[in-house]
Amino acid sequence: LATAAPSPPAMQVDLHAHPRGVISFDAVDDHRIRIQSGHASGRCEGKRFTAASGDIDFLPAGSAARWEEDDASASIVLRFPPSLLQRPADDLGLDGARIGVAPRHQLRDPQIEHLAWALRADREAGRPSGPLYAESLGLALAAHLVTQHRALPSIPSRGLSKPQLQRVSDFVEAHLDETLT
């Protein structure tokens with residue numbers, strides 16, 4: 001009998017309406033991705049910035065952020081535990097326990113933006129698709145982050161990952177009557 005794979009850790013979707021003034025995100029144990037949903041301008045660490053809808057900020061686990069905005073604005077914040085990145089990293093032969101995201105600001109990435117809007121729409125509709133939808137989009141986001149935005153270089157783990165070893169074993173079993181190289 002096949003057993004179901006464990007569900008990926010929870011992906012939280014928060015909608016933030018920011019008033020004019022100082023905005024801060026305290027340090028938490030989860031990674032956060034903030035997607036700007038409208039125009040914003042202000043100051044961060046003494047420097048002026050202008051943000052457009054779709055600008056993305058990565059806030060790695062344990063990091064805090066603080067800035068001042070000239071006007072009210074809004075954003076979508078995706079929050080997820082670092083362990084969400086482990087499964088796609090392990091599947092790629094990387095050390096999933098060491099994968100993270102690096103802090104980045106005003107990044108443009110259409111895939112992340114698309115997944116965030118889909119998660120937001122599902123939340124605003126009362127989550128009619130159930131938890132599987134959010135879990136699947138969370139896993140898709142994690143795979144994209146691991147392949148496109150990981151904090152550590154692509155350092156192969158020692159030996160093959162479990163999925164890689166299974167593929168090799170399946171191939172050998174299926175081709176025992178042939179010369180294998």
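The values are calculated or read from the model by the stated rules, or taken from the named source; none is laboratory data. All values derive from a computational prediction rather than experimental measurement. Because the Cβ atoms are built from the backbone with ideal geometry, glycine has one as well, and the counts that use them run over all protein chains shown. In case anyone asks, the SASA skips ligands and DNA or RNA and just uses the protein heavy atoms, side chains included. Shrake-Rupley method; radii C 1.70, N 1.55, O 1.52, S 1.80 Å.
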Check your understanding: How much length, in nm to one decimal, is gained on full extension between S83 and D95, taken as 0.36 nm per residue of separation minus their Cα-Cα distance?
Key -> 3.1 nm
**Study point:** Within-13-Å neighbourhood charge of R108 [Cβ basis; K, R +1; D, E -1]
**Key:** -3
Exercise for review: Using only alpha carbon pairs under 8 Å that are at least six residues apart, calculate the relative contact order of the chain and give it in whole percent.
Suggested key: 25
Point to revise | For the chain, size of Cβ-based charge dipole, Lys and Arg +1, Asp and Glu -1, in debye | key: 460
Point to revise | A125/E178 FRET efficiency (R0 45 Å; Cβ-Cβ; nearest 0.05) | key: 0.30
Review point. Solvent-accessible area per residue for region 29-177 at a 1.4 Å probe radius, Å²?
Key: 56
Check your understanding: Per 5 Å bin, what percent of the C-alpha pairs of region 80-120 does each bin hold, from zero upward?
Key -> 5, 20, 17, 23, 25, 9, 0
Review point. Among G38, T179, H18, whose Cα sits farthest toward the positive end of the charge dipole of the chain (+1 at Cβ of Lys/Arg, -1 at Cβ of Asp/Glu, about the Cα centre)?
Key: H18
Exercise for review: Can you send over the carbon and sulfur percentage of the accessible area for the chain, probe radius 1.4 Å, protein chains only?
Suggested key: 53
Exercise for review: Would you mind getting me the FRET efficiency between H16 and H114? Use the beta-carbon distance for r and R0 = 25 Å, nearest 0.05.
Suggested key: 0.85
Exercise for review: Tell me which residues come under 5 Å, amide H to amide H, from H31 once H is placed; ignore anything under 5 positions away on its chain.
Suggested key: A61, F80
**Study point:** Largest-first ordering by accessible area, 1.4 Å probe, given options W67, W117
**Key:** W117, W67
Review point. With a Cα-only, solvent-free Debye model of region 1-105, what are the log10 I(q)/I(0) values at q = 0.12, 0.20, 0.24, 0.25 Å⁻¹?
Key: -0.48, -1.03, -1.33, -1.40
Study note, to complete from the structure: So, over other residues within a Cβ distance under 15 Å of P88, counting Lys, Arg +1 and Asp, Glu -1, the net charge is 0
Point to revise | Alpha-carbon Debye profile of the chain, log10 I(q)/I(0) at 0.08, 0.14 Å⁻¹ | key: -0.33, -0.82
Exercise for review: First measure r as the distance between the Cβ atoms of A64 and Q166, then evaluate 1/(1 + (r/R0)^6) with R0 = 41 Å and state the FRET efficiency to the nearest 0.05.
Suggested key: 0.50
